[in-house]
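Trainee: If you scroll down you'll find the structure; I have some questions about it.
The values are calculated or read from the model by the stated rules, or taken from the named source; none is laboratory data. Note that the structure is a prediction, hence the values are computed from the model and not measured. Every residue, glycine among them, receives a Cβ derived from its backbone with ideal geometry; neighbour counts consider all protein chains shown. Side chains are part of the model used for accessible areas, which takes the heavy atoms of the whole protein and leaves out ligands, DNA and RNA. Shrake-Rupley method; radii C 1.70, N 1.55, O 1.52, S 1.80 Å.
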4 protein chains.
Amino acid sequence: MIIKIDFESETPIYEQLRRQIIEGIAKGELKKGEELPSVRQLAEDIGINLHTVNKSYNILKEEGYLVVDRRKGTMVSDIMPKIDENYINNLKEEIKYIIADAYCRGMNKEEFLDLCEKYFHSFVKK
Amino acid sequence: MIIKIDFESETPIYEQLRRQIIEGIAKGELKKGEELPSVRQLAEDIGINLHTVNKSYNILKEEGYLVVDRRKGTMVSDIMPKIDENYINNLKEEIKYIIADAYCRGMNKEEFLDLCEKYFHSFVKK
Amino acid sequence: MIIKIDFESETPIYEQLRRQIIEGIAKGELKKGEELPSVRQLAEDIGINLHTVNKSYNILKEEGYLVVDRRKGTMVSDIMPKIDENYINNLKEEIKYIIADAYCRGMNKEEFLDLCEKYFHSFVKK
Amino acid sequence: MIIKIDFESETPIYEQLRRQIIEGIAKGELKKGEELPSVRQLAEDIGINLHTVNKSYNILKEEGYLVVDRRKGTMVSDIMPKIDENYINNLKEEIKYIIADAYCRGMNKEEFLDLCEKYFHSFVKK
DNA sequence: GTGGTCTAGACCACG
DNA sequence: GTGGTCTAGACCACA
C-alpha cells in the first residue's frame, strides 16, 4: 500500500496518515490481521518524524482500527470499530455542514448522492 | 438566527461560527443580501472576542459567502461561491474518507445515502 | 460624466470617486474650467454621504485638480498638478511593485507595455 | 534579503512587507523553494509584532506566493500565482488610474514606458 | 458605529 | 521551535 503525504496540506501529517490507513482498510489493501510496517520503518519510508507515525498508530489503536500483538507488532484489528452514538453524532454534524456548503454552491442532490455511491462501490468487496 | 458555540470542541471557534453561518444560509435563515450583526455585536452576543468573529467573517468573504457593503456593513452575498476544481477536489477527499470510515464500521450504503438525503431535503426551499 | 461606485470594493468610496474624476479629466469628459456638480447634488445622485463627496473634492483641490470659484462653485482647474519629486517617487514605488507582481506571474514585458500604451492612447486628445 | 518598513507610511505595515517579499521574489533575492524566516524571527528583526508578519504571510499564501511545508515552515512556492481574470481586471483598473493621473500631469508616453521597461529589466534573470 | 490595523501575551497542536 | 488560535485593548479610516 502506498502512502502519499502532502506536506503543504492544511491537514496535519498524522491525520493524513490516519485517513489513508482507514481508506486502505476500506479498499481491502490492508486486510484484517495484516501486519503494518514498524513505526521506524514507515517513518523512514515516508520521510517524516517517528513521533508523527506513532501518533497516527496510537489514535487508530484507540479507535479500534489497529491492535498490537507482542510478537508481530502493529496489525489491523480483526474487529472493526462500532457505530456508537459519539460516532454518529460527529458524522451527522460533518455531513450537515458538507451538504449545506454543497447546497449553497448549487450542487444538486443527485450529483452529490452519485458521488457518495461511487465511493461506496469502490470499497465493496468484489 | 441562533449561534451555538461549543467551547470544549476541538473545532476552532471561528470554524464553528463559519460553518453555522453557511448552514444558516443553506436553511434560508440568512437570506441573500441580508445584513449580519457587526463583529462587535456578534462577539458580545456569543461571548467571544471580536477578532475571532472577524476571522470567520473574513474567511467567508474570501470564499464568497459574505460581502462588505461600505455603507451597510457585512451582508450575505447575492451570488454564492462557485463549484470550482479546488472545491470539488476537497469535497471528494473528504467524502472518500468519511465513507471509508463508515464502510469499515459496517454502515451500509442505504443508511448513509438516506442520511444525506435527509439533510438535502432540510435545506431545499419549500 | 457617469460615476460608478462599487460599494463592495476594498477601495474606499471617496478614493473611487477621486480616481474617476481624474480619469474623467484625462478622457476629456471633464474639461478645464468645467463646473462640477455641488457636493449635495453629487452625493444624492450617487447615493452616498455628503462627507464622502466632500472628502474627494477636498483631496482633489489639495492636489490641484480642482479649484473653488466663489460664484460657480467647484470646477476643474485650468492648471493641472505638476510632476514633483514626491509624485515621481510614489509613482516609481507603485510601478515597481506592480511590475514585480506581473513579472512573477509570468506576464511578459510586451503584454504589459501594450496595456499601458492602450490606456495612454485612450486619453490622448483627438 | 533586507526588509525596510516605513512606519510613517499610509500603507499598512503588512502590505509593505507583502510587497517587498513579492519584489524580493521578482528580483531573485528569494528563490523558489527557499525558506523564509519564521514569523517570530522576522517580526523581531523588523521590530514589529508577529501577528503583523503573520498577516502578510497568510495573504501571500492565499495568493499562491508562499506555501507552508509542515516540516520546514514557510517557503517560497515553486509555482507562482496565475494571471487570472480577477488579477487582470485589478491590474487594468490600477494601470488606467495611474496613467490617467500621469497623463493629466503632462507626463508623455515615452517617459512612462521607459520607466516600466527599466523595472522589467531589473527583474529579468541575467 | 463600522470594519481595519497593530500590538501584546498566552496556550496549544505539530513535528 | 514552528505556525495556529484566542483574547484583549487601542487607534484609525470610513461613512
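Trainee: From the residues C:S56, A:Y119, C:A100, which one has its Cα farthest along the dipole of the protein assembly as shown in the positive direction, the dipole being from +1 and -1 charges on Cβ of Lys/Arg and Asp/Glu about the Cα centre?
Mentor: Farthest towards the positive end: A:Y119.
Trainee: Taking the label point 7 Å from Cα in the Cβ direction, how far apart in nm is D:K31 from each other copy of itself, listed shortest first?
Mentor: Spelled out, the distances from D:K31's label point are 4.9, 5.9, 6.1 nm.
Trainee: Between D and B, which D residue has the Cβ nearest their rotation axis, distance in Å?
Mentor: D:E62, 4
Trainee: Using a probe radius of 1.4 Å on heavy atoms only, what accessible surface per residue do you get for chain C? Whole Å² is fine. Mind dumping the intermediate values first?
Mentor: Numbers: 7170 Å² over 126 residues.
The answer is 57 Å² per residue.
Trainee: Using θ = phi - 60° and the Karplus curve 6.51 cos²θ - 1.76 cosθ + 1.60, what whole-Hz ³J(HN,Hα) does each residue of region B:62-79 get, with Gly and Pro shown as x?
Mentor: Once θ is set to phi - 60°, the couplings for region B:62-79 become 4, 6, x, 6, 10, 9, 9, 8, 5, 8, 9, x, 8, 9, 5, 5, 6, 10 Hz.
Trainee: How much length would be gained if the chain were fully extended between A:K61 and A:E35, taking 0.36 nm per residue of separation minus their Cα-Cα distance, in nm to one decimal?
Mentor: Stretched fully, the A:K61-A:E35 segment lengthens by 8.0 nm.
Trainee: With respect to the cross-link table entries B:K32/B:K125; C:K92/D:K4; B:K72/D:K61; C:K118/D:K82, which display a Cα-Cα separation exceeding 18 Å?
Mentor: B:K72/D:K61; C:K118/D:K82
Trainee: Still on this structure: Which residue, A:A43, A:A26, A:A100, tops the fluctuation ranking in a GNM of chain A built on C-alpha contacts under 10 Å?
Mentor: Looking only at A:A43, A:A26, A:A100, the biggest GNM fluctuation is shown by A:A100.
Trainee: Continuing with the same structure: Between C:I3 and A:N54, what FRET efficiency comes out of the Förster formula 1/(1 + (r/R0)^6) with R0 = 60 Å and r the beta carbon distance, rounded to 0.05?
Mentor: The formula returns an efficiency of 0.40 here.
Trainee: Nearest 10 degrees, 0 to 90: what angle lies between the long axis of helix C:109-123 and the longest principal axis of chain C (Cα atoms)?
Mentor: 20
Trainee: Here is a further query. Nearest 100 Å², what total accessible surface is buried between chain B and chain A (probe 1.4 Å)?
Mentor: Adding both sides of the contact gives about 4800 Å².
Trainee: Using the per-residue mean of other Cβ atoms lying within 10 Å as a proxy for protection, in what order, highest first, do the peptides D:7-13, A:53-59, B:108-114 fall?
Mentor: On the way: D:7-13: 10.6, A:53-59: 19.6, B:108-114: 13.6.
Packing proxy ranking, top to bottom: A:53-59, B:108-114, D:7-13.
Trainee: Under 5 Å between amide hydrogens, which residues at least 5 positions from A:T74 or on another chain qualify, with H placed 1.01 Å from N in the peptide plane?
Mentor: It is A:L36, A:D69, by chain and number.
Trainee: Just to confirm my numbers, what's the Cα centroid distance between region A:59-126 and region B:1-56 in Å?
Mentor: What the calculation gives is 27 Å, centre to centre.
Trainee: Shape of the protein assembly as shown from its Cα gyration tensor (a ≥ b ≥ c, root eigenvalues): rounded if a/c is under 1.5, otherwise prolate when a/b > b/c, or oblate?
Mentor: prolate
Trainee: While we're on this one: Quick one: Karplus J couplings for region D:33-42, per residue in order, coefficients 6.51, -1.76, 1.60, θ = phi - 60°, nearest Hz, x for Gly and Pro?
Mentor: Calculated HN-Hα couplings, in order: x, 6, 7, 9, x, 5, 4, 5, 4, 5 Hz.
Trainee: Follow-up. Ordered by residue, what ³J(HN,Hα) values in Hz, to whole numbers, does region B:94-100 give under the Karplus form 6.51 cos²θ - 1.76 cosθ + 1.60, where θ = phi - 60° and Gly and Pro are x?
Mentor: 5, 4, 4, 5, 4, 6, 4
Trainee: With the Cα gyration tensor of region B:69-114 giving a ≥ b ≥ c as the square roots of its eigenvalues, does the rule (a/c under 1.5 for rounded; else a/b larger than b/c for prolate; else oblate) give rounded, prolate or oblate?
Mentor: prolate
Trainee: Also, I was wondering about something else. Please report Rg (one decimal) and Dmax (integer) in Å for the Cα set of region D:13-76.
Mentor: Cα only, region D:13-76: 10.7, 28 Å (Rg, Dmax).
Trainee: Tell me whether chain C comes out rounded, prolate or oblate; compute the Cα gyration tensor, take square roots of the eigenvalues as a ≥ b ≥ c, and use a/c under 1.5 as the rounded threshold.
Mentor: Taking the square roots of the gyration eigenvalues as a ≥ b ≥ c, chain C is prolate.
Trainee: Give me the percent of the accessible area of region C:1-94 that comes from carbon and sulfur atoms, probe 1.4 Å, all protein chains in place.
Mentor: Working: 2580 of 5640 Å².
C and S atoms contribute 46 percent here.
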